[in-house]
Amino acid sequence: MSSIPVKKDAGEIGKANKRKYILEKVSGRVFLFCALLSVVSLLLIIGFVFYKGSHPFIAEGYSFIDFLLGSDWVPSEDKFGILPMIVASIYATIGALIIGVPIGLFTAIFLAEIAPRSVAKIISPAVQLLAGIPSVLYGVFGLAIIVPFLQNNLGLIKGQSLIAVIIVLAIMMLPTVVTVAETAIRAVPKAYREGSLALGVSPIGTIFKVVVPAAKSGIMTAIVLGMGRAIGETMAVILVAGNSLVIPTSLTDSIRPLTTNIALEMGYAFGTHQEMLFATGIVLFSFILILNFVLARISSKGGN
Amino acid sequence: MRKLKDKILLGLLWFAAFLTVAVLVMIVGYIFYKGIGLISFDFIFGDYSPSGGGGILPMIVTTIYTIVISLLIATPIGILAAVYLQEYAKQGRLVNTIRFATESLTGIPSIIYGLFGAVFFVTTLKLGMSIIAASLTLTIIVLPVIIRTTEESLKTVPRTYREGSLALGTTKLQTLYKVILPSAMPGILSGLILSMGRIIGESAAIFLTAGTVAAMPASIFSSARTLTVHSFLVTQEAGDIELAAAVGVVLIVLILILNLTATFISKKLNKANY
Amino acid sequence: MRRKLKIGSLVLCLSMILAACGNDSAGDETEASGGNVHTLAISGSTSVGPLAEKLAEKYEGNNNTKIEINQIGSSAGITNAINGVSEIGMSSRELKDEEKESLQETVIAYDGIVVVTHPSNKVKNLTMDQVKDIFTGKITNWKDLGGDDLEIVVVSREDGSGSRDAFQEIVGYSSGELIKSAIVASGNGNIKTTVATNKHAVGFISFEYIDESVSPVNINGVEATAENVLSQKYVLSRPFLFVHVEDNLTNEGQKFIDYILSPEGQAIAAESGAIPVQ
């Protein structure tokens, strides 16, 4: 504010005010428009994927039930069944949760409650950093270390397998689970711990009986986010899954989850084949929407 | 008995933490161990050669293109959207809808973004497999990140700043860009830097929208491959783990620098503020 | 003072963005005005791809043409050529009749497909019937073929790959008959590394990709060599095609095709492991 306006014509001030007023109004609209763009994007994404993906069932007479429950996927022979991929996606995600969640959760508890401050101060940011590493690199590691290990040391006939996918996904979800769960545990009020300790409960008992239950909704969020990461991961999985079109019956079978089916074939698919890949996307999308819904329920409960 | 149980649990906690750190150190260590040998000036600044032995400059350039273009579009939109949500909107149905949309966008897996980009930007808008199609797809991917981080930092601007400024007779707009935005700047900047990390790490969506051409892009309408996609393809097609790891080293170092910068900026600017 | 700092940071940030923007468009202009660089879009087979890239690398050095090669599989390349997405499509299988109606084809080289196993595998010769039985899952153990007592792991290319189409057509089984548990690898290199690291595995790859990391198998006692392909003794062979729509081909595209068919181009083809046309 270097100069102060001394005297101005009333009309001029009025004009200036009007201009300001219009500017205010216009800018408000612009801001609203920008905010609405994310809604528009979401609608476009849902609209296009569902439009493309539902076309074969609406206009070309394919049965959606056969699509979901069919076990043969041979695009060149017009057979589109994605049951093997649905089962593969579910198995891989559950498997990754079984390994990744306990380890991630325990690590989070360790960092928040047990670790000396100086140690936690180094490890926590390091783990956060790992959440940002491109997932492809986890796949490279999986192909170079885990797959040969399974083949040579555990005697699997092929290392590209459900178990390889599970291990890679479990490792990938660790940073997410650890970071989110740690934040949740740290947010538990000190008074809880002090109260419990004062009642004579051991420190470990306090952690598991008081602190962890108090952080439950945050921990659930961590698990759901980790799950989302596992179910949606594509490129790292392609490298270690083997991409076989078989309904997995054991951990050693090679698999093709929903995501990899899309990425593998999208490059050259056209016509009905391409639309069926969008339909695969719809199924994947539905899984994620259900997850999001669960997450929303959890966080609204946590809020109360 | 209880003591024993406590001891076992404590042991498990230590073990889990050790395992996490060990696995993650192993991955980063392995990538560096395998890849560092290839890193040289020529590798980073040399042109790619299909007959082998070339550099990764085209992929670096492509990566930079995607970062610059998508942030150029997403930054203003994201910041203004956050401003609307925090400063202008009345709480209600509209805001809830926008929030829900933003959160849903965060949860969509990148392969779905890839599908959408392939049918919308590549085919419907006739951009073809190109850097611009990939960048527009990435714009939507990072938009929620920018909106959320900006909102968070707008929340931290004290009410008194706003009230003080408005009491001086400034308009809402003037208050916004002279007082509120500058105070929220550190948070916004670190949000942008995190978005860069997200763009660098993205693979599936770019794979389906930018294609895989391994050459210096002539323009943003060319098909090209980013560093991450390159790392994927040399692993998948050629099984060349060393090359993939070398690209991985470049990626990890980039992410590390970005994260440190973000931390540094928010610390530095916070100090300057208070 | 404080506020100045904040505004300063805002200005700095904006100018950074603007600078980035400025550089960007400047870059484009120089590219555009640096002579009439023609971009030749080629897409298709991952078998033809490496050869095409090497040819393009040499060709670009002497000509004002930028060649963009997308390796996405034969079927996709053919579709792109028909739709005009790419000027030239690359195919590693013969065109189907309906594709021939809209496309012109140029044979740029021939190629053999080689059945490969892990170097430790003792099986060095297979009959065509045995190959078929392996890939359709009738034979599942190497000991039935005179090898060690090891389960067979079949590695196939993806549906839509020219190599897979050509291989299946010559061997005589359909995509639906392929053993379900087969590992599906996209790209020759992917098959090669999968087979090279698994002593159970068998796959098929293009001549160009053969090296000591995998062990080639003779078919009906005939070794996979260029001479045997040309004399038609070795049956697992197919042409490498460049396909285009007559009206879409530019002068630059034609010149590149001419270059490939020239002695210099054919020498590069031979050097990279393909079989020259003459």
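The values are calculated or read from the model by the stated rules, or taken from the named source; none is laboratory data. Computed from a predicted model, the values in this text were never measured in an experiment. Neighbour counts are summed over all protein chains in view; Cβ atoms, including those assigned to glycine, are modelled from backbone coordinates with ideal geometry.
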Open item on the list: Can you find, within region A:81-107, the residue that is farthest from the other protein chains (Cβ to nearest Cβ) among those that are surrounded by 18 or more Cβ atoms within 10 Å (Cβ to Cβ) and touching a Ser or Thr at 6+ places or on another chain (Cβ under 8 Å)?
Closed with: A:82
- [ ] Residues that are modelled with pLDDT under 90: find the helices (runs of 4 or more DSSP H) completely inside region B:150-233 holding 3 or more of those.
- [x] B:159-167, B:172-175, B:181-201
Task: From B:48, B:30, residue being hydroxyl-bearing (Ser, Thr, Tyr), away from chain A (no Cβ under 14 Å) and under 22 Å from residue B:249 (Cβ atoms) - done: B:48
- [ ] Can you tell me which residue within region A:271-304, out of those that are modelled with pLDDT under 85 and either touching a Pro at 6+ places or on another chain (Cβ under 9 Å) or surrounded by 16 or more Cβ atoms within 10 Å (Cβ to Cβ) (or both), is farthest from residue A:82 (Cα to Cα)?
- [x] A:298
Open item on the list: For region C:232-267: of the residues being more than 19 Å from the chain's Cα centre (by Cα) and closer than 23 Å to residue C:130 by Cα, which is surrounded by the most Cβ atoms within 10 Å (Cβ to Cβ)?
Closed with: C:234
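Going through C:190, C:218, C:248 one at a time, which residue ends up being on the phi < 0 side of the Ramachandran plot and in contact with a strand residue (DSSP E or B) (Cβ under 8 Å, 6 or more places away or on another chain)?
Of C:190, C:218, C:248, the one residue that is on the phi < 0 side of the Ramachandran plot and in contact with a strand residue (DSSP E or B) (Cβ under 8 Å, 6 or more places away or on another chain) is C:218.
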Open item on the list: Residues that are crowded, with 16+ Cβ neighbours inside 10 Å, free of Cβ contacts under 8 Å to residues at least 60 places away in the same chain, hydroxyl-bearing (Ser, Thr, Tyr) and within 12 Å of chain B (Cβ to nearest Cβ): does region A:186-196 have at least one?
Closed with: no
Task: Of the criteria (1) touching a helix residue (DSSP H, G or I) at 6+ places or on another chain (Cβ under 8 Å); (2) within 13 Å of chain B (Cβ to nearest Cβ); (3) farther than 30 Å from residue A:112 by Cα, which one residue A:226 fails - done: (3)
TODO: Identify, by number, the condition in (1) of a type in the set (Ser, Thr, Tyr); (2) free of Cβ contacts under 8 Å to residues at least 12 places away in the same chain; (3) in contact with a Lys or Arg (Cβ under 8 Å, 6 or more places away or on another chain) that residue C:174 doesn't meet.
DONE: (3)
Open item on the list: Every residue in region B:190-204 that is facing another protein chain (nearest Cβ under 9 Å) and not charged (D, E, K, R), please.
Closed with: B:192, B:194, B:197, B:200, B:201, B:203, B:204
Open item on the list: Take the residues in region B:172-231 that are within 29 Å of residue B:263 (Cα to Cα) and among the charged types (D, E, K, R); name whichever of them is surrounded by the most Cβ atoms within 10 Å (Cβ to Cβ).
Closed with: B:202
Open item on the list: Suppose we keep only residues that are assigned to a helix (DSSP H, G or I), within 14 Å of chain C (Cβ to nearest Cβ) and under 26 Å from residue A:168 (Cα atoms) within region A:252-279. Which one would you say is farthest from the chain's Cα centre (by Cα)?
Closed with: A:265
TODO: Please specify each residue of region A:49-77 satisfying the condition of being assigned to a loop (DSSP other than H, G, I, E, B) and closer than 13 Å to residue A:280 by Cα.
DONE: A:70
Task: Residue list for region C:198-227, filter: closer than 15 Å to residue B:237 by Cα, β-branched (Val, Ile, Thr) and crowded, with 20+ Cβ neighbours inside 10 Å - done: C:205
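Determine if region A:145-154 includes at least one residue that is closer than 20 Å to residue B:232 by Cα, free of Cβ contacts under 8 Å to residues at least 12 places away in the same chain and either within 7 Å of chain B (Cβ to nearest Cβ) or surrounded by fewer than 24 Cβ atoms within 10 Å (Cβ to Cβ) (or both).
Yes, because at least one residue in region A:145-154 is closer than 20 Å to residue B:232 by Cα, free of Cβ contacts under 8 Å to residues at least 12 places away in the same chain and either within 7 Å of chain B (Cβ to nearest Cβ) or surrounded by fewer than 24 Cβ atoms within 10 Å (Cβ to Cβ) (or both).
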- [ ] Output the number of residues of region A:115-144 satisfying the condition of being closer than 27 Å to residue A:193 by Cβ and touching a residue at least 12 places away in the same chain (Cβ under 8 Å).
- [x] 4
Task: Residue list for region B:214-240, filter: within 8 Å of chain C (Cβ to nearest Cβ) and either small (Gly, Ala, Ser) or in contact (Cβ under 8 Å) with a residue 40 or more places away in the chain (or both) - done: B:214, B:215, B:218, B:219, B:220, B:222, B:223, B:238, B:239
Open item on the list: If a residue must be touching a helix residue (DSSP H, G or I) at 6+ places or on another chain (Cβ under 6 Å), within 13 Å of another protein chain (Cβ to nearest Cβ) and either among the β-branched types (Val, Ile, Thr) or exposed (fewer than 14 other Cβ atoms within 10 Å of the Cβ) (or both), how many such residues does region B:143-166 contain?
Closed with: 5
Task: Qualifying positions in region B:89-111 - without any contact (Cβ under 8 Å) to a residue 12 or more places away in the chain and over 17 Å from the mean Cα position of the chain (by Cα) - done: B:89, B:90, B:91, B:92, B:93, B:94, B:95, B:96, B:97, B:100, B:101, B:104
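Any chance region A:20-29 includes a residue that's within 24 Å of the chain's Cα centre (by Cα), within 7 Å of chain B (Cβ to nearest Cβ) and assigned to a helix (DSSP H, G or I)?
Filtering region A:20-29 down to residues within 24 Å of the chain's Cα centre (by Cα) leaves none.
No; the residues of region A:20-29 include none that is within 24 Å of the chain's Cα centre (by Cα), within 7 Å of chain B (Cβ to nearest Cβ) and assigned to a helix (DSSP H, G or I).
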Open item on the list: Quick check on residue B:253: is it over 14 Å from the mean Cα position of the chain (by Cα) and either away from chain C (no Cβ under 14 Å) or charged (D, E, K, R) (or both)?
Closed with: yes
TODO: Please indicate, with yes or no, whether at least one residue in region B:92-110 is touching a Leu at 6+ places or on another chain (Cβ under 6 Å), of a type in the set (S, T, N, Q), modelled with pLDDT of 90 or more and farther than 18 Å from residue B:148 by Cα.
DONE: no
Open item on the list: Restricting to region B:82-123, name every residue that is among the β-branched types (Val, Ile, Thr) and more than 8 Å from chain A (Cβ to nearest Cβ).
Closed with: B:95, B:106, B:122, B:123
- [ ] Sort out which residues of region C:82-91 are modelled with pLDDT under 90 and either among the basic types (Lys, Arg) or crowded, with 24+ Cβ neighbours inside 10 Å (or both), and write them in order of number.
- [x] C:86
Task: Criterion (within 30 Å of residue B:174 (Cα to Cα), loosely packed, with under 15 Cβ neighbours inside 10 Å and of a type in the set (Gly, Ala, Ser)) met by exactly one of A:61, A:28, A:14 - done: A:14
Open item on the list: With the requirement that a residue be buried (at least 24 other Cβ atoms within 10 Å of the Cβ), assigned to a helix (DSSP H, G or I) and of a type in the set (D, E, K, R), what does region A:206-250 give you?
Closed with: none
